[in-house]
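Chemist: Before I ask anything, let me first share the structure, which is written out below as structure tokens.
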Amino acid sequence: MAAVVKADGYGLGAAPIASALSQIGCDSFFVARLEEGIALRQALPRARIFVLDGSPPDAVPALIAHRLTPALNSLAQIAAWSVAAGAGGAPLEAVLHVDTGMNRLGLAGEELAILSAERAKRLRGLNLVLVMSHLACGDEPANTLNARQLSRFRQALAMLPPAPASLAASHGAMLAQTITSTWCGRRGALWRDPRAQEGAFGGKAAPNLMRTAAVLTARVLQLRRIDSGESVGYAATFRAKRPTMLASIALGYADGIPRALSNKGVALINGARVPVVGRVSMDLITLDVTDVAVDIGDEVELLGDGLTLGEVRLWLAPTSMKSSPGCAGCRGDMRGNERFCEYRPGHSHGAGPYRPPGDFHRSGAGGFGQPAYLCPLILSQMMRIGYFSLPVVGLTAFFTGGVLALQIYLGGNRFGAEAIVPQVVVLAITRELGPVIAGLMIAGRVAAAIAAEIGTMKVTEQIDALTTLATNPIKYLVVRVSWRR
């Protein structure tokens, strides 16, 4: 039996999770990074540990020293591992990763053809313990790519030496109990549960057989009563419609709670569901407990038997593509959840801010997926307009000054007043350019003040401050900074 415990056991702790699984018979483990494998070896000295990143040349000595088996993803990695086996004088275990449609890691079709034709030479010194691939759409039972990948995988197995084979990972194995080809000994053999014919290849998905393995709870830190009309949290995104009792609990987005649950999530207290009100901040969440008997210190459940990951995912949809926070277009830490999102039209998310040119997204009630214009953007636009207006204003000023100079010269010539013409021209130009120059100076000063003030904040404070100020930058930032300066 094998288990994947990459990303620190999906955030639950790789060492304790792997140790618990080892005690019930799991003898093989997959991690993504070399560093993860080295750390896991300390906890499981006798287990078989696979590294999905493969064997870059500089990683080969550490892989051998810690008895880690790489998933070889290219001909270059196969060559490096084979050379290491020859140098060591003993065979090395290896996994071959074949790309059947994910187009991510793994041997491409051309490389597989070369390997098949020269396998005796290229696999010299290697003990092939597994051939693997990965379903791109294992969580979509009706997707036809599943069947195409299965066909390609069978073809790949027919081209390689006999070895156990694995195609179905978590979604492929669990959602539909599909082509669970795990640990098969015959060449090209795919072990399949009889129930697997329905599911990954167009039928009904099998029921969820998973049981709750972890719970997430927190304690009530403080209770507070507010009157109708009062607001809660950053940006005042929640306003009470009645006298309300609030409970603040010791969890936040630093603990992995998605910010997208602001004003839409639910928690469980004493068996009763209570709503999240206001923003999910770094280490605090506020709940409306008006209708529930609660005391300071009571336990609050955020995930567990009463509130499953699947249910939380529905609240976040379409902001997340798995049970973890975030979305398909987001990049960021699964734990801190300070996600930088690549904006696309119609793309909704609940993550931290990313500002592509001209657009900014903010989370919170009424703010998902809608652009808001931040003060720096406004100021940069003002300065840009002013800068590109200078030639036009300059030409206007010089034209006006020239006309005035001509008029004054012709009129003043009668009185010998030619000497004052330069002063009049300078005054005319100044009159035209003065407001523009003054506006640029003020905008530059305000922008410098803003940058200096935001620069003194922590990253998370900058996120919350900029998001809050996005609602009304003129009121909250420009006016106040200008007044102080």
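Chemist: With respect to residue 191, determine if the residue is modelled with pLDDT under 60, under 27 Å from residue 211 (Cβ atoms) and either over 35 Å from the mean Cα position of the chain (by Cα) or of a type in the set (Gly, Ala, Ser) (or both).
Modeler: In short, yes.
Chemist: Let me ask something else about it. Looking only at region 29-71, how many residues end up being among the hydrophobic types (A, V, I, L, M, F, W, C) and either under 27 Å from the mean Cα position of the chain (by Cα) or part of a loop (DSSP other than H, G, I, E, B) (or both)?
Modeler: Selection size over region 29-71: 14.
Chemist: Pairs needed: first member in region 56-79, touching a residue at least 12 places away in the same chain (Cβ under 8 Å); second member anywhere, among the polar types (S, T, N, Q); C-beta distance under 6 Å; at least 6 residues apart or different chains.
Modeler: Correct list of pairs: 63/55; 70/55; 77/55.
Chemist: Please work out if residue 144 is among the β-branched types (Val, Ile, Thr) and crowded, with 18+ Cβ neighbours inside 10 Å.
Modeler: no
Chemist: Let me ask you something else. Might you check whether a residue that is out of contact with any strand residue (DSSP E or B) (no Cβ under 7 Å at 6 or more places or on another chain), modelled with pLDDT under 95, over 22 Å from residue 30 (Cβ atoms) and in a helix (DSSP H, G or I) occurs anywhere in region 97-109?
Modeler: Among the residues of region 97-109, at least one is out of contact with any strand residue (DSSP E or B) (no Cβ under 7 Å at 6 or more places or on another chain), modelled with pLDDT under 95, over 22 Å from residue 30 (Cβ atoms) and in a helix (DSSP H, G or I), which makes the answer yes.
Chemist: Being of a type outside the set (Phe, Trp, Tyr) and either outside the structural domain of residue 155 (by TED's automatic domain parsing) or in contact with a Cys (Cβ under 9 Å, 6 or more places away or on another chain) (or both) narrows it down to one residue among 106, 101, 86; which is it?
Modeler: 101
The values are calculated or read from the model by the stated rules, or taken from the named source; none is laboratory data. The structure displayed is predicted, hence computed values, not measured ones. When we count neighbours, we look across all protein chains shown, and the Cβ atoms used for this are built from the backbone with ideal geometry, even at glycine.
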